[in-house]
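Shown next, in structure tokens, is the structure this report addresses.
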Amino acid sequence: MKTIISLNKKWLLTVLVFSSLLVTYKVSANSNYEDGTGDTVTVKTDDCNGCGECVGDAVDIFGLSNGVVYIKRQPKNYNEREMVHLAIVNCPFKCISANFD
Ligand code: SF4
């Protein structure tokens, strides 16, 4: 009987550990921002000509490397979201999109 209880405790502990790992993975997979808002800024790099307009509008968010735009990080606050909106409007090829929660 003691063995069964001991096995049940180990099984329960294993389930708890794996459950917490799954929760941790899910949270980290969905939290791609420092403030945890769930914002997502993306660029279709195939459509981008590397003009750098977006970098001028939101230098903390967009960067250029060898003529290819990349996302430095997601916006952290209202002002940075506004800068991303400006970049979206000014992008000549409309290759920037944003999903702000
Ligand atoms: S403004 Fe648009 S086309 Fe210009 S670098 Fe940025 S994403 Fe590319």
Hey, among the residues in the stretch 86-101 that are more than 14 Å from residue 60 (Cβ to Cβ) and either touching a Gly at 6+ places or on another chain (Cβ under 8 Å) or not in a loop (DSSP other than H, G, I, E, B) (or both), which one's modelled with the lowest pLDDT? 101
In the stretch 62-83, which residues are touching a residue at least 24 places away in the same chain (Cβ under 8 Å) and more than 11 Å from the ligand (Cβ to nearest atom)? 73, 74, 75, 76, 77, 81, 83
Going through the stretch 84-101 in order, the residues found to be over 16 Å from residue 45 (Cβ atoms) and within 15 Å of the ligand (Cβ to nearest atom) are 84, 85, 86, 89, 90
Criterion violated by residue 68 - all others in (1) surrounded by fewer than 17 Cβ atoms within 10 Å (Cβ to Cβ); (2) at pLDDT below 95; (3) out of contact with any Gly (no Cβ under 8 Å at 6 or more places or on another chain) satisfied: (3)
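The values are calculated or read from the model by the stated rules, or taken from the named source; none is laboratory data. Everything numeric in this text was worked out from a predicted model, so none of it was measured. Counting neighbours? That spans all protein chains shown, and the Cβs are built from the backbone with ideal geometry, glycine included.
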